[in-house]
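Following: one structure in structure tokens, then a few remarks.
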Amino acid sequence: MANVVFLRGANVGGKNVFRPAQLALALAHLDAVNVGAAGTFVIRGKASAAVIRRELEKRLPFECHIGIRPANDILALIRDDPFAGVKISRGLRAWVAVLGGKPKTVPKLPLAFPSGNEWSVRFDRVEGRFALGLWRRSARGFVFPSNAVEGVLGVPATTRWWETFGRIGAVLESS
């Protein structure tokens, strides 16, 4: 069964020299496919999450949270189409955070950050090991969905825009 890898903070602000295409080549024995520049990989080879994690930890020149989810979980989320009816644009984007553990509690959702009508991140729901919500452009600055989710749920979270999940789905479907 294929797996999908989400690295947290691997290519943020240029602090890490990270070349995802080169990492995918180094993981060719796992049939790795790089999806974008943020540290997202589809691992099509037969390998457990533990083996994939060890392979990544050996090759990454920095420490980061590594989220690994079975391809079936990703495909089920895509099929559920959780953002149906939302008009996505440059100013309003959908996000999914891959949770690094099971939250002990989930507060009443949705929550907005900052609170009130001028929110930038809205955290709408938790589905299994995924947190979902919306981000909108705000004059008050950029709020990272991962920070909001981690602060609320107390577990590591690695966020990608919904369109990245579409690209992941295309790779998985073509396998």
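Every number in this text was worked out from the coordinates using simple rules, so none of it is lab data. In this text, all values refer to a predicted model and were calculated from it rather than measured experimentally. Note that each Cβ is placed from the backbone with ideal geometry, even for glycine, and that neighbours are counted across all protein chains shown.
Annotations for the structure displayed:
- Between R19, R137, R59, the Gaussian network model of the chain with springs among Cα atoms under 10 angstrom shows the greatest mean-square fluctuation at R59.
- Exposed GluC sites (Glu not before Pro) absent - longest run of the chain, DSSP non-H/G/I/E/B, at most 12 other C-beta within 10 Å: 1-62
- Of the options (1) -0.87, -1.10, -1.19; (2) -0.67, -1.34, -1.61; (3) -0.65, -1.21, -1.43, only one is log10 I(q)/I(0) by the Debye sum over Cα atoms at q = 0.13, 0.18, 0.20 Å⁻¹ as computed from these coordinates, and that is (3).
- Taking a quarter of the surface of the Cα convex hull of the range 81-174 gives a mean projected area of 6.5 nm².
- The value of relative contact order for the chain, using C-alpha pairs under 8 Å at least six residues apart, is 23 percent.
- The slack between K58 and S115, meaning 0.36 nm per residue of separation minus the straight C-alpha distance, is 16.4 nm.
- With contributions of -39500 (n - 2.57) from each DSSP H run of at least four residues, the per-residue ellipticity at 222 nm computed over the chain stands at -8500 deg cm²/dmol.
- Over all other residues within a Cβ to Cβ distance under 13 Å of G100, the charged ones net out to +4, with Lys and Arg as +1 and Asp and Glu as -1.
- Listed by chain and number, the aspartates and glutamates whose C-alpha is less than 19 Å from the C-alpha of K46, apart from same-chain residues fewer than 8 away, are D31, E55, E57, D73, E173.
- Loop sites in the range 32-133: chymotrypsin sites (Phe, Trp or Tyr not before Pro), DSSP, at most 13 other Cβ within 10 Å: F62
- Size of electric dipole in the chain: Cβ of Lys, Arg +1 and of Asp, Glu -1, about Cα centre, debye, nearest 20: 260
- Among the trypsin sites (Lys or Arg not before Pro) in the range 70-101, those placed in a DSSP loop whose Cβ has at most 12 other Cβ atoms within 10 Å are K87, R90.
- Of all aspartates and glutamates in the structure, those lying under 12 Å Cα to Cα from K102, and not within fewer than 8 positions of it along the same chain, are E127, E150.
- This model, with +1 at the C-beta of Lys and Arg and -1 at the C-beta of Asp and Glu, gives the range 76-175 a dipole about its Cα centre of some 200 debye.
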